[in-house]
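Asker: I have a structure I would like to understand better, so I am pasting it below and will then ask my questions one at a time.
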């Protein structure tokens, strides 16, 4: 298991989830780490988001407490007090300033946190901290996830640093971060402003180009903590070291994002939607988004049906500038539409073979300009409906 | 069966659909009728839309040919020629100007119309015209519809006129008109400009406030034909007769729209989403749309789960101005959220009883201003996935 200098991890089954699974995790840096965060854009924000966002904005963080099973959302002033108490318990036991503690929750909305359970479990966490227990934290964050999500990268150079990320998410995944939590720790030393900038860019090109459905949640957050313990020189913007850091961070987040799509509720396919030839990149993104979020396209993927008519319809209503006669669509390498017209039944048969794979690409060329964009999406299945119709029962 | 003076109807099983069902219909007015139309906003438009939109823009129409089983979309120049030929065959047999014929198609995208079948069936239609065969045309328009959709209204007064509408739609229903066809005939005499204006307003408040999923199609159209045969005085804007006409037309279209939602692919519920208290009506519409189109909300309806957390999340990401502490949510008459907080398990139990009904309302009050809006939506079910995964096989 990957370790990162100065970071340790612990998890407990606090009983918040009835299943008796791990549901409470702690990430700790022995030194205060420079930090940055990206938070849900939902106007209804859960207590942990309201508490943590201003703390992270200060640029330092030393511990992250995360629980699953209860979102502590729509819980009013009492919920905010509960989040505050949880953070304070963590700070007390670790002997650090409570403002250095981030708090994060995911689960059902509208129920108060079961404080007696947390009061019992939180004090047990610091004694259990271990540098190679990141997998337990990844597990404790899971809700409807069917597997835990971890990714890491190491830098080049003679004093390499490590980036290690964990994430949670399977349902409600949508651009602008829906019930999705991700925490990245690194022992690199990173300029504060650059850390923030690199995180925002990496989120934009990872978590914000995935979609399982179109809902965004009250609880999402992505946090990065950089404690500098690798003793590598400070990384700043507009240098080769800065570019390397940005690339590695995006790779970690994209790994996690793709795992989330692959684990989309009920999903059986990971589909890479690539758009070229739009008049500009905003238009390309509109088209990629429109195709990747169409329920009809997604059910056709589930049906392994090379139904390009639904794709061309989604291109047409995307709002992007489109000339129907210029559109090319490929499933994998197989062109099914050229110049806006179908290429015939033989090609469709080849395309159907592409759709039978667990992962494939759909490539749309609008033939108008240089605008490009991409999205990752899943299929829409019986199990999506089953999981979401039964979630609380 | 309702009849409308001067209008007659015919349908045939032309063999376009393999099932041998009625799949070709004709609506005929013995006099050229004043007409208006609303067409898909999709930038990829099917041949019949490209042909018919400019004809209707001229303001007169005497016949509508409609087929199911094939959309004649993404069929290029050949598809346009096919649509033209179909219209010409109708005009020849009826002895009218071909520019007075509207052509309309719905079904699979990307396959050429089976012209030999149409060349055989179209000439049979004029001889079969009957004033009380509207139900056959409604049936011939169906694709994945499980029932045909007809509605009518009669005006007050001593020379009453009738409005009679038929529609088709079950999947891909979405604001801005997705694979949805509707034709309304009336023997009223209506000022041309007012007819157009009344149709646009009625569509905005009927077909554009329903949603089953978020896809819009290449083929949608709503046409109205008014032949004046009721001998009532000409109806113009800003009069009591004009207001009555607008109300009756909206009622007919809303009837049809609600039938479409009720027949949503796999749907088991018709849900009326009502929003009050937004800062303005655009914001209210944003909220209603966001809730009505959320897959998570729609699967919760299917699961008969009073999961208001998903509704409040959808309100929060709608883009509307929202103060979480002011939000009230009711299922039917049962408040489940007040001041942004849940009202407790007893109320949720009462709300669950509301959700078990086939039709119910969800009422969201933002508590900020006077903005109001409404939407009709369905639940998202196993059968939605099944129907759309298997559609072409």
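The values are calculated or read from the model by the stated rules, or taken from the named source; none is laboratory data. Here the structure is a predicted model, which is why all the values come from computation and not from measurement. Please note: Cβ atoms are built from the backbone with ideal geometry, for glycine as well, and neighbour counts cover all protein chains shown.
Asker: Which residue, of B:335, B:324, is more than 12 Å from chain A (Cβ to nearest Cβ) and more than 29 Å from residue B:143 (Cβ to Cβ)? Lay out the reasoning, then the answer.
Answerer: Values: B:324 fails: more than 12 Å from chain A (Cβ to nearest Cβ).
Of B:335, B:324, the one residue that is more than 12 Å from chain A (Cβ to nearest Cβ) and more than 29 Å from residue B:143 (Cβ to Cβ) is B:335.
Asker: Kindly check whether there is at least one residue in the stretch B:211-220 that is away from chain A (no Cβ under 14 Å) and crowded, with 18+ Cβ neighbours inside 10 Å.
Answerer: First, the residues of the stretch B:211-220 that are away from chain A (no Cβ under 14 Å): none.
Looking through the stretch B:211-220, none of the residues is away from chain A (no Cβ under 14 Å) and crowded, with 18+ Cβ neighbours inside 10 Å.
Asker: Taking the stretch A:39-50, which residues are surrounded by 24 or more Cβ atoms within 10 Å (Cβ to Cβ) and either more than 14 Å from every other protein chain (Cβ to nearest Cβ) or part of a helix (DSSP H, G or I) (or both)?
Answerer: A:47, A:48, A:49
Asker: Can you report the number of residues in the stretch A:52-64 which are crowded, with 24+ Cβ neighbours inside 10 Å and either within 11 Å of chain B (Cβ to nearest Cβ) or free of Cβ contacts under 8 Å to residues at least 60 places away in the same chain (or both)?
Answerer: 1
Asker: Could you check, for the stretch A:262-276, whether at least one of its residues is in contact with a helix residue (DSSP H, G or I) (Cβ under 7 Å, 6 or more places away or on another chain) and part of a helix (DSSP H, G or I)?
Answerer: Checked against the condition, which is being in contact with a helix residue (DSSP H, G or I) (Cβ under 7 Å, 6 or more places away or on another chain) and part of a helix (DSSP H, G or I), the stretch A:262-276 yields no hits at all.
Asker: On to the next question. Looking at (1) within 11 Å of chain B (Cβ to nearest Cβ); (2) farther than 19 Å from residue B:218 by Cβ; (3) part of a helix (DSSP H, G or I), which is the one condition that is false for residue A:284?
Answerer: It is condition (1) that residue A:284 fails.
Asker: Which residue is surrounded by the most Cβ atoms within 10 Å (Cβ to Cβ), if the candidates are limited to the stretch A:306-321 and must be within 7 Å of chain B (Cβ to nearest Cβ) and over 18 Å from residue A:375 (Cα atoms)?
Answerer: Of everything passing the filter in the stretch A:306-321, A:307 is surrounded by the most Cβ atoms within 10 Å (Cβ to Cβ).
Condition check ((1) within 19 Å of residue A:258 (Cα to Cα); (2) buried (at least 21 other Cβ atoms within 10 Å of the Cβ)) across all residues:
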| residue | (1), (2) |
| --- | --- |
| A:298 | yes, yes |
| A:304 | no, no |
| A:351 | no, yes |
| A:367 | no, no |
| A:388 | no, yes |
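Asker: Among the candidates B:22, B:26, single out the residue that is in a strand (DSSP E or B) and either closer than 18 Å to residue B:140 by Cα or not assigned by TED's automatic domain parsing to the domain that holds residue B:89 (or both).
Answerer: Working: B:22 fails: in a strand (DSSP E or B).
Just one listed residue meets the conditions, B:26.
Asker: So, one more: Whether any residue in the stretch B:306-327 is in contact (Cβ under 8 Å) with a residue 12 or more places away in the chain, in contact with a helix residue (DSSP H, G or I) (Cβ under 8 Å, 6 or more places away or on another chain) and closer than 19 Å to residue A:383 by Cα is what I want to check.
Answerer: For the stretch B:306-327, residues in contact (Cβ under 8 Å) with a residue 12 or more places away in the chain, in contact with a helix residue (DSSP H, G or I) (Cβ under 8 Å, 6 or more places away or on another chain) and closer than 19 Å to residue A:383 by Cα: present.
Asker: Here is a follow-up. Quick check, is residue A:207 in contact (Cβ under 8 Å) with a residue 12 or more places away in the chain, buried (at least 18 other Cβ atoms within 10 Å of the Cβ) and more than 13 Å from the chain's Cα centre (by Cα)?
Answerer: Answer is no for this residue.
Asker: Can you report the number of residues in the stretch A:123-158 which are assigned to a loop (DSSP other than H, G, I, E, B) and either over 23 Å from residue A:245 (Cα atoms) or touching a residue at least 60 places away in the same chain (Cβ under 8 Å) (or both)? Reasoning before the result, please.
Answerer: Kept after step one, since they are assigned to a loop (DSSP other than H, G, I, E, B), are these residues of the stretch A:123-158: A:125, A:129, A:131-133, A:141-148, A:155-158.
Next cut, either over 23 Å from residue A:245 (Cα atoms) or touching a residue at least 60 places away in the same chain (Cβ under 8 Å) (or both) only: A:125, A:129, A:131-133, A:141-148, A:155-157.
Summing the residues that are assigned to a loop (DSSP other than H, G, I, E, B) and either over 23 Å from residue A:245 (Cα atoms) or touching a residue at least 60 places away in the same chain (Cβ under 8 Å) (or both) in the stretch A:123-158 gives 16.
Asker: Here's something else I'd like to know. Could you tell me which residue of the stretch B:95-122 is farthest from residue A:337 (Cα to Cα), considering only residues that are in contact with a strand residue (DSSP E or B) (Cβ under 6 Å, 6 or more places away or on another chain) and in a helix (DSSP H, G or I)?
Answerer: B:100
Asker: Here are some residues: B:29, B:68, B:35. Which one is within 19 Å of residue B:149 (Cβ to Cβ) and surrounded by 24 or more Cβ atoms within 10 Å (Cβ to Cβ)? I'd like the intermediate steps shown before the answer.
Answerer: On the way: B:29 fails: within 19 Å of residue B:149 (Cβ to Cβ); B:35 fails: within 19 Å of residue B:149 (Cβ to Cβ).
None of the other options fit; the residue is B:68.
Asker: Let me ask something additional. Report yes if residue B:328 is at pLDDT 95 or above, assigned by TED's automatic domain parsing to the domain that holds residue B:187 and more than 25 Å from the chain's Cα centre (by Cα), otherwise no. Reasoning before the result, please.
Answerer: On the way: at pLDDT 95 or above: yes; assigned by TED's automatic domain parsing to the domain that holds residue B:187: no; more than 25 Å from the chain's Cα centre (by Cα): yes.
For residue B:328, the condition - at pLDDT 95 or above, assigned by TED's automatic domain parsing to the domain that holds residue B:187 and more than 25 Å from the chain's Cα centre (by Cα) - is not met.
Asker: Look at residue B:187 and say whether it is in the same structural domain as residue B:141 (by TED's automatic domain parsing) and under 26 Å from residue B:101 (Cβ atoms). Walk me through how you get there before you give the answer.
Answerer: Details: in the same structural domain as residue B:141 (by TED's automatic domain parsing): yes; under 26 Å from residue B:101 (Cβ atoms): yes.
Answer is yes for this residue.
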